[in-house]
Amino acid sequence: MKPRRSTATSLWFFIIALGSAVPGQAVDSGPFAFNPEVQLGRRSNNPSTPFLRLAPDGRLFAVWTEDDKRPMAMTKQEIAAPPHESHMKMTASPMRVALLAWSKDGGKTWPEYASIMPVPNPGSKATLYPLGGNTVAMLHNPNSKWRSPLSLWISFDGMKTWPYQRVLVPESSDGPKGRLNYPDGFVSKDRQWLHFAFDDNRHRAVVYSAKLPPE
């Protein structure tokens with residue numbers, strides 16, 4: 001399948017079916033119905049830390065991170081410089097960016113392109129928790145350079161904006177140089193709590209229960 005380019009983000013979103021006995025034949029396994037292997041992201045951008053979450057309404061969310069190779073913002077002096085000089089100064093950013101795509105039918109079909117999430121990310125795992133309608137909670141490291149702190153963000157408009165932002169764990173038990181990794185968990189049936197576990201600097205497993213704001 002040919003890659004499809006997003007004119008909105010200038011990034012690529014790949015869905016490549018591999019390993020199926022019959023090319024293009026979907027494998028039906030309950031609410032999921034897609035080929036055994038699906039590749040997300042552009043290989044040249046080093047996609048990693050993929051995460052899937054199936055919402056109660058059948059939507060399947062996919063989040064992953066890639067190298068952010070968009071040109072860095074230019075200063076006023078660079079904008080005023082001759083074209084050949086300003087072009088030379090637009091070097092690729094070494095940062096990572098989080099991308100989001102979702103399937104409305106549990107994985108049978110996907111959109112043409114992925115969206116860049118308006119959140120900072122150091123290339124770490126971010127996990128989503130649908131709370132009903134357009135409300136979605138996210139656990140992640142809102143720091144483009146380091147896996148710390150660990151925060152709870154909530155969007156009320158389908159992940160376009162994230163007005164609710166709360167730091168749950170400011171830093172590792174080993175101090176500011178430690179990393180807070182791989183948060184994952186579940187929402188209680190009454191949607192009052194988000195229970196999850198995370199890796200504290202690769203030597204300590206931590207369980208945490210975060211109270212969710214009222215709906």
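The values are calculated or read from the model by the stated rules, or taken from the named source; none is laboratory data. None of the values given here were measured: they were computed from a predicted structure. Here the Cβ is made from the backbone with ideal geometry for all residues, glycine too, and neighbour counts use every protein chain on show.
Below, the figures for the structure above:
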| read-out | value |
| --- | --- |
| Filtered residue count, the stretch 96-114, keeping only those that are surrounded by 17 or more Cβ atoms within 10 Å (Cβ to Cβ) and basic (Lys, Arg) | 1 |
| Contacts under 7 angstrom Cβ, first residue in the stretch 199-215 being within 12 Å of ASP184 (Cα to Cα) and at pLDDT 95 or above, partner charged (D, E, K, R) and surrounded by 10 or more Cβ atoms within 10 Å (Cβ to Cβ), 6 or more apart | ALA205/ASP199; VAL206/ASP200 |
| Residues that are hydroxyl-bearing (Ser, Thr, Tyr) and either free of Cβ contacts under 8 Å to residues at least 40 places away in the same chain or under 24 Å from ASP68 (Cβ atoms) (or both), drawn from the stretch 129-155 | SER144, SER148, SER151, SER155 |
| Scan of the stretch 188-198 for residues that are surrounded by fewer than 18 Cβ atoms within 10 Å (Cβ to Cβ) and touching a residue at least 60 places away in the same chain (Cβ under 8 Å), ordered by number | ARG191 |
| Evaluation of PHE61 against (1) at pLDDT below 85; (2) surrounded by 13 or more Cβ atoms within 10 Å (Cβ to Cβ) (one fails), failing number | (1) |
| Selection within the stretch 156-187 - surrounded by fewer than 13 Cβ atoms within 10 Å (Cβ to Cβ), part of a loop (DSSP other than H, G, I, E, B) and free of Cβ contacts under 8 Å to residues at least 24 places away in the same chain | ASP157, PRO163, PRO170, LYS177 |
| Residues satisfying the stated conditions in the stretch 122-155, i.e. in a loop (DSSP other than H, G, I, E, B) and closer than 21 Å to LEU194 by Cα | SER124, LYS125, ALA126, GLY133, ASN134, ASN141, PRO142, ARG147, SER148, PRO149 |
